Amino acid sequence: MTNAYHLHNIKVSLKKKEILSIDDLAIKANQCTALFGGNGAGKSTLLRLLAFTHQASQGEVLLFNETVSWPLKAKHRKRIAFVEQQPFLLEGTVYDNIKLGLSLQQVQTSQHKTLIEHALEQTHTAHLSKQNTQTLSGGELKRVAIARALAYQPDILLLDEPFSHLDYDHIDLLAQHLQSFCQQTGKTVVLSTHDHLQGMALSQQTINLRAGKVSPPLVDNIFNGRLEGQNFFTDKLCIHTTSKLPQAQHIAIDPRQIIISNEPLQSSMQNNFSGRIIFITEQSTTVRLVIDCDERFHVIISLESISTLQLQPGNQVYVSFKASAVSVF
Amino acid sequence: MDYFTNSLSGAFALIISFDPTIYQIVFTSVAISVTASFIAAALAIPSGVAMALNQFKGKGFLQHILNTLMAMPTVVIGLLLYGLFSRLGPLGQFGILYSPLAVIIAEAVLIFPIMMNLAITAVNSADSRLVPTLVSLGARPLPLAIQVIRATRYAMLAAVITGFGRAIGEVGAAMMLGGNIAGSTRTMTTAIALETSKGEFEVGLALGLILLLIAFILNISLSLLNRPAHD
């Protein structure tokens with residue numbers, strides 16, 4: 001699988017304060033990557049770096065395995081679209097704004113009309129086409145900015161908090177749209193979100209930032225306890241890991257790596273527990289479950305699985321996961 | 001007091017009767033200042049935008065130089081250009097001294113740093129997302145500068161008007177380089193200085209009133225431009 005980005009020894013400083021420091025980070029192409037982290041963790045800075053609107057103080061960014069120079073060449077620039085958390089639209093109509101993006105990207109004028117109409121349609125903003133940008137609401141503004149970004153058909157879509165200001169209907173529409181965007185060949189999405197569940201549901205890769213550094217993923221299945229050999233003991237369960245860390249006190253299990261079954265599984269997976277479903281909720285195109293096996297496991301599965309397995313709250317189920325799915329820290 | 005009120009009514013009479021001498025001076029003055037403003041704006045706005053949009057070594061120092069030039073007394077500019085344009089100076093052979101061109105150049109030099117500084121301020125005080133947005137949309141340097149000027153056009157126009165206001169009220173350099181030649185380089189300010197020293201207070205006052213009126217119009221247009229909403 002190719003990398004859309006590969007960052008080496010990146011440091012970004014602002015007014016002598018280091019705001020981002022990344023030794024090595026790869027972001028895979030053809031999938032959706034979610035960026036998590038609290039306020040000031042460096043999510044927006046990292047996105048600006050990926051958008052090449054902000055230059056790193058040091059380090060190297062590879063774009064599709066290619067070293068790129070600063071300022072970015074037009075052919076690279078055209079592959080990347082960036083929608084800021086609070087996007088800026090220029091004066092004039094929605095249509096003018098999208099057209100400006102196309103002109104600046106040097107897209108042939110003859111294609112403008114088709115591309116603009118397509119982008120407006122994708123973001124459900126066709127009715128706003130003639131409206132002045134200063135009269136748009138927060139959510140409309142966001143969707144128009146996304147339309148402007150999609151119009152020139154980039155390969156990489158970078159979105160900073162894309163779901164903020166959107167109502168539930170539009171969050172779902174955008175989530176579906178992003179998923180289908182990623183499924184096209186050669187398309188990549190990187191988005192930052194504070195909504196952990198939404199991000200997990202959408203993405204295949206997650207990056208957790210903390211104080212400007214990539215930190216262990218903050219998944220929901222975090223347990224405290226002690227490690228003895230490769231077995232981790234919480235108060236109630238013994239979980240097999242592949243860790244050799246002597247001092248570890250926490251483990252985390254990616255909710256997408258946990259398998260649910262109605263019968264105990266005969267497999268190579270070392271961790272098998274039985275429990276009760278205590279919570280089911282739909283999250284965009286996926287379903288989130290909480291299973292109580294003395295410890296509570298958060299699990300993300302597809303919509304199809306839930307109907308195949310006929311899962312309902314209160315059901316007795318089995319959870320299984322590999323020892324290698326457990327991160328220890 | 002009678003002297004003053006009589007002069008004032010005399011001045012109004014001159015203005016209302018469209019006295020040709022007075023309007024000839026006003027026309028010269030406006031023509032010179034407008035030309036100087038256009039030349040200065042054509043150079044200062046692109047320079048200011050380029051300076052604001054780029055980071056380079058010595059930018060802070062250049063900013064200090066600009067600030068110093070803004071505060072430079074006009075007679076010093078007059079003096080330096082006089083040295084350049086006088087018969088023995090490096091540009092003496094072109095015979096520019098005591099021509100409208102000399103005054104235009106002097107006033108353009110005078111207002112260039114003002115306009116450039118205001119253009120820099122205009123870009124710097126634009127929305128901080130403007131430039132990154134345009135860059136991420138693929139704007140190369142020239143289209144970027146054009147879009148930035150377009151987005152800050154009211155502030156840019158204000159810079160030009162401020163420069164024009166400074167040029168039309170300038171007396172030192174206009175006197176030294178223009179020589180106050182009637183019908184050629186006699187501007188409102190140099191004429192006021194001359195008429196007053198001749199004791200023709202009415203003419204001086206009439207020109208002064210017109211100058212005030214121009215300043216008033218400029219200020220009104222500036223405050224209209226600086227209104228928060230431009231719709």
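One residue stands out among those in the range A:70-83 that are in contact with a Leu (Cβ under 8 Å, 6 or more places away or on another chain) and not hydrophobic (A, V, I, L, M, F, W, C): the one that is farthest from A:Leu150 (Cα to Cα), which is A:His76. Scanning the range A:270-279 turns up no residue that is touching a residue at least 60 places away in the same chain (Cβ under 8 Å), outside the structural domain of A:Ser180 (by TED's automatic domain parsing) and within 22 Å of A:Pro216 (Cα to Cα). Put simply, of A:Leu25, A:Leu62, A:Leu49 the only residue that is open to solvent by less than 70 Å² (accessible area, probe 1.4 Å), under 21 Å from A:Ser215 (Cβ atoms) and in a strand (DSSP E or B) is A:Leu25.
Listed here are the residues, each with its yes/no results for (1) closer than 22 Å to B:Thr152 by Cβ; (2) part of a helix (DSSP H, G or I); (3) touching a Phe, Trp or Tyr at 6+ places or on another chain (Cβ under 8 Å).
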site: A:Leu90; (1), (2), (3): yes, no, no
site: A:Leu100; (1), (2), (3): yes, yes, no
site: A:Ser103; (1), (2), (3): yes, yes, no
site: A:Thr114; (1), (2), (3): no, yes, no
site: A:Gln134; (1), (2), (3): yes, yes, no
site: A:Ile146; (1), (2), (3): no, yes, no
site: A:Ala149; (1), (2), (3): no, yes, yes
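Condition check: more than 11 Å from chain B (Cβ to nearest Cβ) and either touching a residue at least 12 places away in the same chain (Cβ under 8 Å) or closer than 21 Å to A:Asp155 by Cα (or both). Does A:Leu90 satisfy that? No, not satisfied. Here is the figure for the range B:182-231: residues that are under 17 Å from B:Ala11 (Cα atoms) and basic (Lys, Arg) total 1. Counting the residues of the range B:69-120 that are surrounded by 14 or more Cβ atoms within 10 Å (Cβ to Cβ) and part of a helix (DSSP H, G or I) gives 34.
Results for (1) open to solvent by 10 Å² or more (accessible area, probe 1.4 Å); (2) under 16 Å from the mean Cα position of the chain (by Cα); (3) among the polar types (S, T, N, Q), shown as yes or no for each residue.
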{"position": "A:Leu35", "(1), (2), (3)": "no, yes, no"}
{"position": "A:Lys73", "(1), (2), (3)": "yes, no, no"}
{"position": "A:Arg79", "(1), (2), (3)": "yes, no, no"}
{"position": "A:Glu84", "(1), (2), (3)": "yes, yes, no"}
{"position": "A:Asn97", "(1), (2), (3)": "no, no, yes"}
{"position": "A:Leu102", "(1), (2), (3)": "no, no, no"}
{"position": "A:His118", "(1), (2), (3)": "yes, no, no"}
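Residues that are hydroxyl-bearing (Ser, Thr, Tyr) and either assigned to a loop (DSSP other than H, G, I, E, B) or assigned by TED's automatic domain parsing to the domain that holds A:Thr285 (or both) within the range A:163-184 comprise just one, A:Ser164.
Given (1) open to solvent by less than 50 Å² (accessible area, probe 1.4 Å); (2) at pLDDT 90 or above; (3) not in a strand (DSSP E or B), where does A:Ile306 come up short, assuming only one miss? So A:Ile306 meets the others, but not (2).
Test A:Thr234 against the criterion of being surrounded by 20 or more Cβ atoms within 10 Å (Cβ to Cβ) and either modelled with pLDDT of 85 or more or not hydroxyl-bearing (Ser, Thr, Tyr) (or both), and give yes or no.
Answer is no for this residue.
The residue that is farthest from the chain's Cα centre (by Cα), among those in the range B:121-131 that are assigned to a helix (DSSP H, G or I) and either crowded, with 18+ Cβ neighbours inside 10 Å or modelled with pLDDT under 95 (or both), is B:Val131.
On the given criteria, is B:Gly163 within 14 Å of another protein chain (Cβ to nearest Cβ), open to solvent by less than 30 Å² (accessible area, probe 1.4 Å) and either assigned to a loop (DSSP other than H, G, I, E, B) or not basic (Lys, Arg) (or both)?
Judged against the criteria, B:Gly163 is not a match.
Whether a residue is under 30 Å from A:Leu102 (Cβ atoms), of a type in the set (Gly, Ala, Ser) and free of Cβ contacts under 8 Å to residues at least 60 places away in the same chain was assessed, and B:Gly165 does not pass this test.
A quick yes/no check of all residues on (1) open to solvent by less than 20 Å² (accessible area, probe 1.4 Å); (2) modelled with pLDDT under 85; (3) under 27 Å from A:Asp23 (Cβ atoms); (4) more than 19 Å from the chain's Cα centre (by Cα):
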{"position": "A:Ala175", "(1), (2), (3), (4)": "yes, no, no, no"}
{"position": "A:Thr193", "(1), (2), (3), (4)": "yes, no, yes, no"}
{"position": "A:Leu197", "(1), (2), (3), (4)": "no, yes, no, no"}
{"position": "A:Asn208", "(1), (2), (3), (4)": "yes, no, yes, no"}
{"position": "A:Phe223", "(1), (2), (3), (4)": "yes, no, no, yes"}
{"position": "A:Thr241", "(1), (2), (3), (4)": "yes, no, yes, yes"}
{"position": "A:Arg256", "(1), (2), (3), (4)": "no, no, yes, no"}
{"position": "A:Ile259", "(1), (2), (3), (4)": "no, no, no, yes"}
{"position": "A:Glu263", "(1), (2), (3), (4)": "no, no, no, yes"}
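Only one of the numbered conditions (1) out of contact with any Cys (no Cβ under 7 Å at 6 or more places or on another chain); (2) open to solvent by 30 Å² or more (accessible area, probe 1.4 Å); (3) more than 10 Å from chain B (Cβ to nearest Cβ) is not met by A:Asn30, and that is (1). Are any of the residues in the range A:51-58 in contact with a Phe, Trp or Tyr (Cβ under 6 Å, 6 or more places away or on another chain) and within 14 Å of chain B (Cβ to nearest Cβ)? Yes, the range A:51-58 contains a residue that is in contact with a Phe, Trp or Tyr (Cβ under 6 Å, 6 or more places away or on another chain) and within 14 Å of chain B (Cβ to nearest Cβ). Look at the range B:115-144: where a residue is within 7 Å of another protein chain (Cβ to nearest Cβ) and a partner is assigned to a helix (DSSP H, G or I) and small (Gly, Ala, Ser), sitting 6+ places away or on another chain with Cβ atoms under 7 Å, you get B:Leu130/B:Ala151; B:Leu137/A:Gly101; B:Gly138/A:Ala74; B:Arg140/A:Ala74. Tell me which of these A:Val68 doesn't satisfy, since it passes every other one: (1) surrounded by 15 or more Cβ atoms within 10 Å (Cβ to Cβ); (2) under 15 Å from the mean Cα position of the chain (by Cα). Status for A:Val68: all satisfied but (2). Residue count for the range A:93-119, restricted to those that are among the aliphatic types (A, V, I, L, M) and under 11 Å from A:Ala147 (Cβ atoms): 5. Would the range A:149-166 turn up any residue that is in contact (Cβ under 8 Å) with a residue 60 or more places away in the chain, open to solvent by 30 Å² or more (accessible area, probe 1.4 Å) and within 14 Å of another protein chain (Cβ to nearest Cβ)? Yes, the conditions are met somewhere in the range A:149-166.
The values are calculated or read from the model by the stated rules, or taken from the named source; none is laboratory data. All values derive from a computational prediction rather than experimental measurement. Here Cβ is always computed from backbone atoms with ideal geometry, including for glycine, and neighbour counts include all displayed protein chains. These accessible areas exclude ligands, DNA and RNA; they are computed on the full protein's heavy atoms, side chains included. Shrake-Rupley method; radii C 1.70, N 1.55, O 1.52, S 1.80 Å.
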